[in-house]
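The structure appears right after this line, and notes come after that.
The values are calculated or read from the model by the stated rules, or taken from the named source; none is laboratory data. Because the structure is predicted, anything quoted here is derived from the model rather than measured. Positions of Cβ are backbone-derived with ideal geometry, glycine not excepted, and every protein chain shown enters the neighbour counts.
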Amino acid sequence: MNSKVKEYVSFIVVFVVGIGAMMSFYIFYTKQKELVKEQKEFLLALDQTKLEAIEFRYLILQNFIYAYNNNDAINRKMERLQKAYDELSSNELLAKRKYAPLKKEMGLLEKEIASLFPKTQHYLMYNASVKNSLLFLTDYEFRLLKIKEKHLLLEFLPKVVKTTQSLLYAKRLDDIEYLSKEGYLFRNDPTYSKELQDFIKTYNLHVNYVVKNLPVLLSIKRELDENKVFDTTKRIAKKFARLYVEDEELLNSYAAIFFFTFVFTFVYLIVVLVRYKKEHTKLVDTTNILRHSLTHDLLTGLKNRVALEKDTMLLQAPGIVLMNIDRFKDINDIFGGKTGDRLLRIVAKLIERVASTQKGVVEVYRIGADEFVVLYDGIDEHTLVEYAKIFEKQINYRDFEDLQEEVEISVSIAVNYKPPLLENADLALKSIKRTKKRKIIVYEDALGLHTQAQNNIDVIHLVKQAVKEDRIEPFFQPIINLKTMQIEKFEALVRIVEGDEVISPFLFLDVAKKTHLYHDITQIVVEKTFKAAAAHPNYRFSINLSVSDILDEELVEEIFDLYEHHSIIADRIDIELLESEELHTMDAIKRFIERVHSFGSLVYIDDFGSGYSNFAYFADLEIDVLKVDGSIVKEVAQNKRKRHMLESIVMFAKNMNLKTVAEFVENEEILEIVKELGIDFAQGYHFSPPTRI
Amino acid sequence: MRLFFLLFMCAVFIVEAKEAIVPIPKRVVYDKQKALLGKRLFFDTSLSKDNSVGCVSCHNVHSGGSDSLAVSVGFGGKEGDIRSPTVLNAVFNFRQFWNGRAKDLYQQAKGPLLNPVEHNMTPKLVVERVKSDETYRNSFKKLYDDGVTFANVIDAIVEFEKALVTPDSKFDRFLRGEAELSQKERKGFTLFKRYGCISCHNGINVGGNSFAKIGIFFPYKNARSYPDRYAVTKDPIDKNVFKVPTLRNVALRPPYFHDGGYKRLIEAIKAMAHYNLGMEIDTNDAEAIESFLHTLTGELPEILDE
């Protein structure tokens, strides 16, 4: 499952859990409210029932004691009790299964309450008549005083009073023991006066009635007194409390579930929030880095070309110093990209450090692989050139201690005010790169660099056409053996022939070198030289190759194909390598030289002494012939130092067992000197310009 | 000395409570519109099968609330099985009918309507009869959501009965301190209490709030069998037991007792003393009690004037 799906799933889970929490809270809340309400109502109704039962008992007691009483109160109380019970039994809690155990008690209570009515009615009935009889008897005692038989008074009165009293006691004290033992009745006698006979009759009637019915009354009263309504309500209350606590426990677990789901959701939300905050920060960082990288160079941390263009637009009087590390590509190739990167960082730091000491510096930029720009505002040209010189001094041939390798670099610098700043500076820089004579250039419109750029395009077109129409031709310049003064070999020099006109390589080769056409040119020259060599079997021929030619593997294979296919002439085709610093470090050069030697051909070093002449590489490379640069030869007649240079070169060559060739021998005077110095061969206009042969 | 002490002690045991009889309130609460509708129904003979009797036939609300027959005559001239009880102040009775078989007026009112020897109706017939009258239809429509139904007919009649109370009797005014009883009446009231009548005849209705056996000391000579309390409870104790009737307006509605056995009030008083109090009271006392009972006659219900 991918993380996005996971995230959605967990979101849904939390959503569901959250909803669940809310729902359980809702359920908890409503259930709790409902339960509490029902519980309160139940307890209230129960209390009411209990209260009515107590008051009912009180009313019965009152009725028992008072001579006369209002029965309405008792009836009303029974109605109230019934109503309280109805209220209680209609409580919704009782409908729940949980409270089913209360049903038995509730049934009992209902029956008890229902039984109160008939019992009460009987009680009232008996109580009324017993009470009436007792009332009558207490009143009736006084009648005895009116009888004629006064002698019987003492016999009758105490018995009547005592009987009445014991009957009253029996009722009042609720104890029939007072009735049992004695004979209460009087025997009636026909001899008695009518009054006495009537008295005895009525007296006996009532005493009899009370004696007979008081026990019934008392037992009914006891039954009423012992009614279980009160006890049952107490039992229900107790049982209810227990059940209710259990019910509440259920609620508590609801609350617990609610609480935990709430905590879970809460914690999860915090986690999500934190994670999102983190990711958001990451996103913001990335955005910042991207935004930064849009205007900044990642390697050096300097601003880039985009930033330069933006910044320039904001300035009133912008000026730039454009610096390009010479042959940086070679450094990368030689020391590897890592060293190259490190170097770039060091150079960037160096430029920044130097710039920080200068006035008007807006910013330092890295605008290309090996190009740096320092942008200034309001600094005059003269100062800017001074600043450029400081940069050159600080960077060129500096020993970069931080690098493991020993690398020496140089920069070419262009200073420019004229918009478009960068393009113009670039053109100016390219122009000095080509000539290699200067290190600092100030862009001027007068330099005609734009024209030159247009020229380049024209030249490329020219070369293209020449290749297409087979107008690339090697011209050959004879090389004279100075001992025999005979032509011994020819150097092949490329030309473009356009009708009668012959175009010198000076006009097209530099431009062509930047294109694939250069490969074609070299190939044509090599092929045609082989043809010439075949046609002139008495002479050796030499072909100029640059380091870049030798690094062009395709070209190299084509060359050696020719060697192999023309084995008879192969040992007469020599290779002239242009003197260059790049020469001595390259295995490819070494291998190439070996392969040339394998065909019995010779290898020349061309233009020796023109640039960074270094004798060291003669140790590594199997060079056969040393061709001294024309700039030395040309001036040997006038310039003593050049003559000394030539002398020492020749001495070195002799010691190294190298043959020497002097080019640009343009007159007799030079010829004499080179002869005198013991140079082996010479070429130049004194003998012949390059021609068709 | 000892003797008098004993006598005194006996007297002390007789404790008097606060007044056991309470006056009827001057105003009672009822729904007047419904009560007026009920009044019309009460007087309407179309509520009997043969259109011969209305409620009022046996319950003359203008005089005592019952009729003057020992046994009422109902449907087709058939006789009932017991003296018709008064409808006046019936609302205060704790149970209805002589044997208390109806809990309230709602239960009671159905009885005579459906009794074959009284109105001899069925609920369906009652509704039909009432519905056939446009005034009834409109009134019921106005007062009841569900219009004419048997329950609503009963409800209207009961509402009328609630209004049938007789306030402002002389005795009630005496209780409220608004009137004086004559000496005789006063004596009668005292005897009423002293002889124990009040043990059963108490409360707002001076009775109607308990059951009692007729013939406690001597068996009551019933002319025939009557539906007593025993008919309801099947408890032997309840044989010959009836609801103690109200004594309000008692002077207005002879003959007396469940069987209408006594035409004169004074005879009824003496009979009660004999059967239920086990004493023979002399005419003086009986007359005093009678004059007290006359003070229980109240004003006719206001609603009868409407």
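A few points about this structure:
- One residue stands out among those in the stretch A:400-416 that are modelled with pLDDT of 85 or more and either part of a helix (DSSP H, G or I) or not polar (S, T, N, Q) (or both): the one that is farthest from A:Lys338 (Cα to Cα), which is A:Val415.
- Pairs linking a residue in the stretch A:640-657 that is surrounded by fewer than 18 Cβ atoms within 10 Å (Cβ to Cβ) to a residue that is at pLDDT below 85, with Cβ atoms under 7 Å and 6 or more positions apart or on different chains, are A:Phe652/A:Phe615; A:Met656/A:Phe618.
- Elements of type helices (runs of 4 or more DSSP H) in the stretch A:510-574, at least 2 residues being over 60 Å from the mean Cα position of the chain (by Cα): A:517-535, A:553-565, A:567-570
- Of residues in the stretch B:193-219 being at the interface with another protein chain (Cβ under 7 Å from one of its Cβ atoms) and among the small types (Gly, Ala, Ser), the one nearest to B:Pro25 (Cα to Cα): B:Gly203
- So B:Asp228, is it outside the structural domain of B:Gly80 (by TED's automatic domain parsing), charged (D, E, K, R) and surrounded by fewer than 21 Cβ atoms within 10 Å (Cβ to Cβ): no
- Condition check for B:Leu69: buried (at least 23 other Cβ atoms within 10 Å of the Cβ) and either away from chain A (no Cβ under 14 Å) or in contact with a helix residue (DSSP H, G or I) (Cβ under 8 Å, 6 or more places away or on another chain) (or both): no
- When B:Leu164, B:Leu181, B:Leu175 are checked against the criterion of being more than 30 Å from B:Lys103 (Cβ to Cβ) and more than 8 Å from chain A (Cβ to nearest Cβ), B:Leu181 stands alone in meeting it.
- Hey, B:Pro219 surrounded by fewer than 24 Cβ atoms within 10 Å (Cβ to Cβ), part of a loop (DSSP other than H, G, I, E, B) and either in contact with a Pro (Cβ under 9 Å, 6 or more places away or on another chain) or at pLDDT 95 or above (or both) or not: no
- As for the stretch A:113-136, it holds no residue that is more than 8 Å from chain B (Cβ to nearest Cβ), outside any helix (DSSP H, G or I) and modelled with pLDDT of 85 or more.
- Residue in the stretch A:97-110 that is of a type in the set (Asp, Glu) and facing chain B (nearest Cβ under 9 Å) present: no
- Looking only at the stretch B:94-130, residues that are surrounded by 14 or more Cβ atoms within 10 Å (Cβ to Cβ) and charged (D, E, K, R) come to 6 in all.
- Whichever residue in the stretch B:276-288 is part of a helix (DSSP H, G or I) and within 11 Å of another protein chain (Cβ to nearest Cβ) and, among such residues, is nearest to B:Phe218 (Cα to Cα): B:Asn276
- The single condition from (1) of a type outside the set (S, T, N, Q); (2) closer than 30 Å to A:Ile220 by Cα; (3) more than 9 Å from chain B (Cβ to nearest Cβ) that A:Leu154 fails is (2).
- Answer from A:Asp175, A:Asp189, A:Asp198 - the residue that is at the interface with another protein chain (Cβ under 10 Å from one of its Cβ atoms) and acidic (Asp, Glu): A:Asp198
- In the stretch A:201-246, the residues that are crowded, with 16+ Cβ neighbours inside 10 Å and under 60 Å from the mean Cα position of the chain (by Cα): A:Phe240, A:Leu243, A:Tyr244
- Scope the stretch A:205-220; condition at the interface with chain B (Cβ under 10 Å from one of its Cβ atoms) and out of contact with any Lys or Arg (no Cβ under 7 Å at 6 or more places or on another chain); matching residues: A:Leu205, A:His206, A:Asn208, A:Tyr209, A:Asn213, A:Val216
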